[in-house]
Amino acid sequence: MRRIAFLTRRAQKDDISRPAATPRRAMVFRGALLAGATILASAAAFAGMREVGIREDLTPEDLARVVAVTRPTTDFAKAEEFEIMQGGAGTSRKRVNQDAFSQSSANITFEEEGTFKLGNGIFRKLWVSSPSSTQASDGLGPLFNARACQSCHLKDGRGHPPETSPDTTSMFLRLARDAETEEEKAKLVDRQALNFPDPTYGGQLQNLAVPGLASEGRMKITYGQVPVTLPDGTRLSLRKPSYAVEGLAYGPLHPGTTLSPRVTPPMIGLGLVEQIHPADIAAHADPGDSDGDGISGKAQMVRDPQSGELVLGRFGWKAQTPSIRQQTADAFAGDIGISTPEVPKHWGDCTEAETACLAMPNGVQPRLGDVEAPPPVMDLVTFYSQNLAVPARRKVGDPAVLAGKKAFYEIGCVSCHAPKFVTRRDAPNKAQAFQLIWPYSDFLLHDMGDGLADSQKVGDAGGNEWRTPPLWGIGLTRTVNGHTFFLHDGRARDLVEAILWHGGEAQTSRDRFAALPAEDRAALVKFLESL
């Protein structure tokens, strides 16, 4: 039984509010959670993974309440209690505008609000090349994709592919190849590596460089058209991208290097996702499709670079990163070329083959520490990233929205887009503790079919597999970012196209959506737009 959770409404205290009913995945829960039972859905899949097991943070009374509140709703005539507060007590109720994704969690303290603002300042800061008179801001690159975190995460929201200009700031190409030597194969088995970078260009293609250095190259996108006719005769055209690189400055790519386009995902709710108990995510997993429903989600298991332990990956398009801090450090190094204690690469993603890059000065200031972004910087940016609030739902009681929600459940979307979880009671920050949240994701890897495949393996994720992205906030994409490009590479120009690209495990739900009457399809989209 999948364990999703219930709300703790609190105003700086740990008061527990009344439970609310919640949906389940295609009305069938994975694994087992029966009044305190162990929640390992697949013991073999999680062998050696210390943090997965039972909800040791809950008392039997709490667990019973969670079980009660997570019973699937069968009433689509009205909104569920607390449904509007999709980010728990931290949900932002501020005015919906372009800054809707940039608000702090509503339940952090006054002092924490100051920390959040400082983190926001660093998140927006433009880094400069070394040497520079601004000694606390130099170290950019030498090869990079952006000068600031905010440059990629526009308004803390969703990136997009270049449309009318060559700007690819919020989209880049991951470069990776399979293991070739026995040593590399052993690293994959032991999870010391997820894959291997291109020997010349590293883990991602960097299209920018500091003065005096050539950038690596440019991403080239070509779109074809895929005609689609729905059962009611409606005709649509999906755009199918193909990717290449041009202007390579340091020689050819390795023959085995694959290209995986990635747009930047929204930043909201990350701290809440980080505090979902791994047992609850594990409870959704069914890698062998033991119940025969065609859904076989699996967890991405990664080795924590800091502790060395095997933990659950939950961030990134392939769930390859275990924590927000590690995600931040990886982005500093790969996107901006800034070293941190977690990833102490002073020259970012430069490889040994890029000797001119390695000959450039770096921005380490001994008086500030051994890296370009020392621990205080990492602390602030991590806190900021953990506390970007999820906006409140809109029009939850609208009849069309409720009809769309009903269709969303009935065609099986909740099989992967799990509506609700309750975060850990023992979360390090009370703002994220014991909160009912509505991310609409199981945070597992699913085969999405050949149409969305990038042919790039990342740890447990095959070329066809992607992490289920959270849907909260998806209806505000145009408001915040001025576009409606969806999926990992932004190929879908609206929500209907995004659904129609679903294949693999999601093919049945996709086909059911396509077969809905036009009115019901429109209602389902209205439901998504209310998130």
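Two decimals is fine: what is log10 I(q)/I(0) at q = 0.33, 0.35 Å⁻¹ for the stretch 167-206, from a Debye sum with one equal scatterer on every Cα and no solvent?
-1.06, -1.11
Can you order the peptides 517-526, 400-409 by their average number of other Cβ atoms within 10 Å per residue, highest first? Intermediate values should be presented prior to the final figure.
Working: 517-526: 17.6, 400-409: 22.0.
Result, highest mean first: 400-409, 517-526.
What spacing in nm lies between the two simple spin-label points modelled at Asp291 and Glu246, each 7 Å away from Cα in the Cβ direction?
In this crude label model, Asp291 to Glu246 measures out at 4.9 nm.
Quick query: amide H of Thr264 versus all other amide H atoms, modeled in the peptide plane; which residues come in under 5 Å with a sequence gap of 5 or more or a different chain?
Amide H neighbours of Thr264: Gly159, His160.
Using packing as a proxy for protection, rank 208-218, 186-196 so that the peptide with the highest average count of other Cβ atoms within 10 Å comes first.
Values: 208-218: 17.6, 186-196: 15.6.
With the highest mean Cβ count within 10 Å placed first, the list reads 208-218, 186-196.
Tell me which residues come under 5 Å, amide H to amide H, from Asp138 once H is placed; ignore anything under 5 positions away on its chain.
Val128
Starting from the eigenvalues of the Cα gyration tensor, five times each then square-rooted, give me the equivalent ellipsoid semi-axes of the chain, largest first, whole Å. Spell out each step's value before the answer.
On the way: eigenvalues 254, 146, 108 Å².
The answer is 36, 27, 23 Å, longest axis first.
Given Cα positions, please report Rg to Rh for the stretch 323-428, the hydrodynamic radius being the Kirkwood one.
Details: Rg = 21.7 Å, Rh = 17.8 Å.
Reported Rg/Rh (Cα atoms, Kirkwood Rh): 1.22.
Pulled fully out, how much extra length does the chain show between Lys117 and Ala193, if you take 0.36 nm times their separation in residues and subtract their Cα-Cα distance?
Details: separation 76, 0.36 × 76 = 27.36 nm, distance 3.52 nm.
Length gained between Lys117 and Ala193: 23.8 nm.
Kirkwood Rh, the stretch 156-229, all Cα pairs: how many Å?
That comes to 15.5 Å for the stretch 156-229.
Starting at the first residue of the stretch 306-313, write each ³J(HN,Hα) from the Karplus equation 6.51 cos²θ - 1.76 cosθ + 1.60 with θ = phi - 60°, in whole Hz, x for Gly and Pro.
Along the stretch 306-313, the couplings run 8, 8, x, 7, 7, 9, 7, x Hz.
Spelling out what I want: for every residue of the stretch 269-274, take phi, set θ = phi - 60°, compute 6.51 cos²θ - 1.76 cosθ + 1.60 (Karplus), and round to whole Hz; glycine and proline get x.
Running phi through 6.51 cos²θ - 1.76 cosθ + 1.60 with θ = phi - 60° gives x, 5, x, 6, 4, 5 Hz.
Quick one: which residues, 5 or more positions from Val245 or on another chain, have an amide H under 5 Å from its amide H? H modelled 1.01 Å from N in the peptide plane, none for Pro or chain starts.
Lys220
Give the average over all directions of the projected area of the C-alpha convex hull of the stretch 128-257, one decimal, in nm². Kindly include the intermediate steps, with their values, before the conclusion.
Working: hull surface 52.1 nm².
For the stretch 128-257, the mean projected area of the Cα convex hull comes to 13.0 nm².
In Å², what does the accessible area per residue of the chain work out to with a 1.4 Å probe? Each step should come with its number before you reach the end.
On the way: 20930 Å² over 531 residues.
Dividing the accessible area of the chain by its residue count gives 39 Å².
Ignoring everything except DSSP H segments at least 4 long, calculate the 222 nm mean residue ellipticity for the chain; use -39,500 (n - 2.57) per segment, divide by total residues, nearest 500. Can you show the working numbers first?
Working: 14 runs with 115 residues, N = 531.
Here the helix-only value at 222 nm equals -6000 deg cm²/dmol.
Quick one: if you stick a label point 7 Å off each Cα along the C-beta vector at Glu309 and Gln98, how many nm between them?
My value for the distance between the label points is 4.4 nm.
Could you pull out every Cys in the chain that lacks a partner Cys with its beta carbon under 4.7 Å away?
Cys149, Cys152, Cys413, Cys416
Where a Cα-Cα gap under 24 Å defines reach, which lysines qualify for Lys187, not counting those fewer than 8 residues away within the same chain?
Here the lysines satisfying the reach criterion relative to Lys187 are Lys298, Lys318, Lys345, Lys457.
Select from the stretch 329-403 those trypsin sites (Lys or Arg not before Pro) which occupy a DSSP coil region and have at most 13 other Cβ atoms within 10 Å, ordered by residue number.
Counting only loop positions with at most 13 other Cβ atoms within 10 Å, the trypsin sites (Lys or Arg not before Pro) in the stretch 329-403 are Arg367.
Under a Cβ-Cβ cut-off of 13 Å, what is the net charge of the residues other than Glu352 that fall near it, where Lys and Arg count +1 and Asp and Glu count -1? Intermediate values should be presented prior to the final figure.
Values: positive: Lys345; negative: Asp198, Asp349, Glu354.
For residues surrounding Glu352, the net value is -2.
Over the stretch 219-340, how many percent of alpha carbon pairs lie in each 5 Å bin up to the one with the longest distance?
Each 5 Å bin holds this share of Cα pairs: 2, 7, 11, 14, 14, 15, 16, 12, 7, 3, 1, 0.
Charges at C-beta only: +1 for Lys and Arg, -1 for Asp and Glu. How large is the resulting dipole of the stretch 151-250 about its Cα centre, in Debye rounded to 20? Mind dumping the intermediate values first?
Working: 12 positive and 13 negative charges, 89 e Å.
In debye, rounded to 20, the stretch 151-250 gives about 420.
In whole Hz, with x marking every Gly and Pro, tabulate ³J(HN,Hα) for the stretch 213-222 from phi via Karplus 6.51 cos²θ - 1.76 cosθ + 1.60, θ = phi - 60°.
Going residue by residue, I get 10, 7, 5, 6, x, 10, 7, 10, 10, 10 Hz, with x marking Gly and Pro.
In the chain, if the dipole is taken from +1 on Lys/Arg beta carbons and -1 on Asp/Glu beta carbons about the Cα centre, which of Gln327, Gly294, Val401 is farthest to the positive end?
Of the candidates, Val401 comes out farthest on the positive side.
Where does the stretch 85-179 land on Rg(C-alpha)/(2.2 N^0.38 Å)? Please report the intermediate quantities before stating the final value.
Details: Rg = 17.2 Å, N = 95, 2.2 N^0.38 = 12.4 Å.
Expressed relative to 2.2 N^0.38 Å, the Cα Rg reads 1.38.
Given a cut-off of under 8 Å on Cα pairs at least six residues apart, what relative contact order in percent is computed for the stretch 96-142?
Details: 22 pairs, mean separation 10.1, N = 47.
So the answer I get is 22 percent.
Test of understanding: what is the full-extension gain from Ser237 to Arg394, defined as 0.36 nm times their sequence separation minus their Cα-Cα distance? Show your work: numbers first, answer last.
Details: separation 157, 0.36 × 157 = 56.52 nm, distance 2.99 nm.
Extra length available between Ser237 and Arg394 comes to 53.5 nm.
What is the extension gain from Lys220 to Ala518, computed as 0.36 nm multiplied by their sequence separation minus the C-alpha to C-alpha distance, in nm to one decimal?
103.7 nm
How much of the accessible area of the chain, probe 1.4 Å, is carbon plus sulfur, in whole percent?
Details: 11380 of 20930 Å².
Ligands and nucleic acids excluded, carbon and sulfur reach 54 percent.
The values are calculated or read from the model by the stated rules, or taken from the named source; none is laboratory data. Not measured: the values here are computed from a predicted model. Using ideal geometry, Cβ is built from the backbone for each residue, glycine included, and neighbour counts are taken over all protein chains shown. Side chains included, ligands, DNA and RNA excluded: accessible areas come from the protein's heavy atoms. Shrake-Rupley method; radii C 1.70, N 1.55, O 1.52, S 1.80 Å.
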